[in-house]
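Working notes, structure below.
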Amino acid sequence: MFKLVNYALPFAVLFSSVTFGHAQTSSLTIPKALQAEHHELFDALESATKAGGKAGEAAQRAMAVLKPHFEKEERFALPQLGALEALTKKDATLPNDLRDDLIKRSEAFRAQLPAMLEEHKQISAALHAMRDAAKQEKKDDLVELAEMIAAHAAMEEQVLYPASLLIGEYAKALADRK
């Protein structure tokens, strides 16, 4: 019921505008695959909130912490990842306005990071409660969903957040070369 689709999107289509109500302030865009995964997880959790029982109630509590967290990620952590393709080219250069935007965004993200990691702890606790309730009620699809969201959070902490910060550091290094 809550299976995520396989995002084998062509590389040329991996970028689109930010959603979740946040206006784009520059040419930076969140990679489409990340947007799609966030939306799929969000939609699946939203469906889980209607499952009834203790698992549905736990899903509602998880949604209460997850929704504002996703919005914060899409505002502070993920737009910088839209610059990865350009930055991986040999002798990468960035227009000054984009470079400055990357630096500013990364600094804002670095300031938000401790709170966001704390939110991950809250999300983890809510997902643990959801998984336990779903196991008791034999709602295997909700158990699987809780585990998928937890795996997504780990991937963010281990890969996406550091990459986002590194992009800002790289933009600073490019600025220092000039």
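Rule-based calculations on the coordinates, nothing more; no lab input. As the structure is a prediction and not an experimental result, all values here were calculated from the model. Cβ: placed from backbone, ideal geometry, glycine included. Neighbour counts: every protein chain shown.
Only residues that are touching a Gly at 6+ places or on another chain (Cβ under 9 Å) and not in a helix (DSSP H, G or I): list them for the stretch 142-178, please.
Passing the criteria: none in range.
Taking the condition surrounded by fewer than 16 Cβ atoms within 10 Å (Cβ to Cβ), among the polar types (S, T, N, Q) and free of Cβ contacts under 8 Å to residues at least 24 places away in the same chain, does residue 93 pass?
no
Counting residues that are of a type in the set (Ser, Thr, Tyr) and out of contact with any His (no Cβ under 7 Å at 6 or more places or on another chain), which helices (runs of 4 or more DSSP H) fully inside the stretch 22-141 reach at least 1?
Of the helices (runs of 4 or more DSSP H) lying wholly inside the stretch 22-141, those with at least 1 residues that are of a type in the set (Ser, Thr, Tyr) and out of contact with any His (no Cβ under 7 Å at 6 or more places or on another chain) span 32-48, 96-136.
Only residues that are among the small types (Gly, Ala, Ser) and touching a Leu at 6+ places or on another chain (Cβ under 8 Å): list them for the stretch 61-97, please.
62, 77, 82, 83, 86, 92
With respect to residue 160, determine if the residue is under 30 Å from residue 93 (Cα atoms), aliphatic (A, V, I, L, M) and crowded, with 16+ Cβ neighbours inside 10 Å.
yes
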